[in-house]
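Q: Below is a structure I'd like to ask you about.
The values are calculated or read from the model by the stated rules, or taken from the named source; none is laboratory data. Owing to the predicted nature of the structure, the values given are computational and were not obtained by experimental measurement. Because the Cβ atoms are built from the backbone with ideal geometry, glycine has one as well, and the counts that use them run over all protein chains shown. Calculation scope for accessible area: heavy atoms of the full protein, side chains included, ligands and nucleic acids excluded. Shrake-Rupley method; radii C 1.70, N 1.55, O 1.52, S 1.80 Å.
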Amino acid sequence: MDLDWSCSSTTTTTTTTGNPYCLLFQALSLIPISHYLLFSSFVFLSFLYRFLELHFLQDLFSLFSGSSVTLTYHPASQFYDAVVSKCRILHGTYLATPWLSSPHLQTVFLNFFGRPPFFKYRRQLFTTPDGGTVALDWLLSSDVSAGAIHMEDVVSTDESTPIVVVIPGLTSDSSSAYLKHLAYHTAKCGWKVVVSNHRGLGGVSITSDCFYNAGWTEDVRTVVNYLHKENPRAPLFVVGTSIGANILIKYLGEDGENIPVAGAVAVCSPWDLLIGDRFITRRHVQKFYDKALAIGLQGYAKLHQPHFSRLANWEGIEKSISIRDFDHHATRIVGKYETVDTYYRRCSSSTYVQSVSIPLLCISALDDPVCTREAIPWDECRANKNIVLATVKHGGHLAFFEGITASGLWWVRAVNEFLGELRASHFMHVQKKITKPTIPLDSSIDQGPYVNVKEDGMVAALNNEPKTDNVEEIQVIQDTDNDGLEMIPEEKVVKQDELETNAKIRGSPGIAQACVHDAAVHVITPFKRDLGQLSRQNRWSIWLLVYIAITTSWPLVGSALYIVFGKKIRDILPNGLVRK
């Protein structure tokens, strides 16, 4: 019995010392499976929390007090003191909807749900000088007052009622959820809202060889000048969103003070397209947005396949899996840019910030998953007295949902409050120089293909007799459930002044020659603008240099003058005076 016990003990000892992993697995097998499931769930949730950039725990620990809005502006900005300082929303805090405490959840929820209000647009088809068609969707205060439960604002029929022009984002139109939020709440304030859809969007066909892109400012300039001409007493405000914000800032920088816009707001601008291109391909979650936007651009191209097949590389468009691929095969070719990076550099709005000469509010979220905070030109915004940059810690891309039910967008309330304060102040910009609204002077051949280059190398004008601002009014009934557009055409409106303009333009040499001239103007204009700014900033220094030059060179000049004219002076003076 003793021998058997000893062997058993020896065997057990050998097993213990020779197979430690067996012992470990035996110990792990004693742990209940429910504990493993609980641990796996914890690891997965931790990864998901970090991957989705959730901030629910931060909001919970701060007792859902929200994050304050950071304002960046020039220390001596009178625009901030008189207007922005009175905006309570911009000086408060923003708390995201608790169950949407992630920039990705907010952005995805906005695009798939959004909870837009129900209303009907009034459509106006606008014809540009090159023959393109832009859909202007109007919303008046009377259109939303009937469905409102409580309406404090009186419906205004005055010709001086402010007009807010909205520029949509990439592949967006007036039916997008965030634009409906903005249009509805702005119209409830008693203002007129008009969404200027990009070419080929909003259910309108492309009628020329010009397409919009991130730097295409001609349509905005033409529409704004037309609205100013038709409503000279109404202040014009412009709100740009996403790519529309980039177009807006570039437009403001190009025209400077020579613009009929009283004030503007840029929401979630990409600022620097080159930095944005690097950012959107950095992480897997960003690549999801890159792919989604590329699919939207492909859908836009398929709507107008005959034009893209003739002007761009259609096979490359079909194979595009990113925004950069689409820009390489379509935007770069149609826009006459050498490379995609050239297109991104020339169309980035960050280089035009210093030239903005009207009150401009810029709103961005630091956790924007599409437009990175790395591209925000902080110093340039701080150096311009006309710009106030408002950044929020959370918000996503064009989302900023607030409230437990996520029924409203924070940035919409901030925009309306800012426009109201600006309207009541004396800081609204007034155009000092009147321009012709039909043919913009600062057009660029790089901004759009006004010239059609054939395969044999011949250059032909797209339209020898370009149309002027002919307007065709169409009533549109829009159903927010299916976003369908039912067009009911009305009579065509052609005014006498437009007919006169048509007669004048028919005598013009053609768009091809005009675009070549405009291309030269586009090259010289930035140099003149920079030289003018340098002269204004160094005006006192120049006069000081002139004074120093005169005082230092006067002895030499005086001696020379005395030698040359001394004899004549002695001959003129009396002899006695000369002797003295």
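Q: Being small (Gly, Ala, Ser), at pLDDT below 95, outside the structural domain of residue 420 (by the TED database) and exposed (fewer than 10 other Cβ atoms within 10 Å of the Cβ) narrows it down to one residue among 8, 29; which is it?
A: Step by step, each of 8, 29 is checked, and only 29 is small (Gly, Ala, Ser), at pLDDT below 95, outside the structural domain of residue 420 (by the TED database) and exposed (fewer than 10 other Cβ atoms within 10 Å of the Cβ).
Q: Only residues that are open to solvent by 70 Å² or more (accessible area, probe 1.4 Å) and more than 14 Å from residue 393 (Cβ to Cβ): list them for the range 74-102, please.
A: 75, 78, 81, 86, 88, 91, 99
Q: Select from the range 34-69 the residues that are in contact (Cβ under 8 Å) with a residue 12 or more places away in the chain, polar (S, T, N, Q) and open to solvent by less than 70 Å² (accessible area, probe 1.4 Å) and list them in ascending order.
A: Within the range 34-69, 65, 67 meet the criteria.
Q: Also, I was wondering about something else. Could you give me the residue pairs with C-beta distances under 6 Å whose first residue belongs to the range 399-411 and is closer than 23 Å to residue 389 by Cβ, whose second residue is among the aliphatic types (A, V, I, L, M) wherever it lies, and which are 6+ apart or on separate chains?
A: What qualifies is 399/110; 400/409; 401/100; 411/267; 411/363.
Q: Looking only at the range 215-237, decide whether some residue is surrounded by 24 or more Cβ atoms within 10 Å (Cβ to Cβ) and on the phi > 0 side of the Ramachandran plot.
A: So far as the range 215-237 goes, no, none of its residues is surrounded by 24 or more Cβ atoms within 10 Å (Cβ to Cβ) and on the phi > 0 side of the Ramachandran plot.
Q: Filtering the range 191-210 down to residues that are open to solvent by 10 Å² or more (accessible area, probe 1.4 Å) and of a type in the set (A, V, I, L, M, F, W, C), which residue is farthest from residue 311 (Cα to Cα)?
A: 191
Q: In this structure, does residue 310 turn out to be over 30 Å from residue 412 (Cα atoms), exposed (fewer than 15 other Cβ atoms within 10 Å of the Cβ), of a type outside the set (Gly, Ala, Ser) and not assigned by the TED database to the domain that holds residue 357?
A: yes
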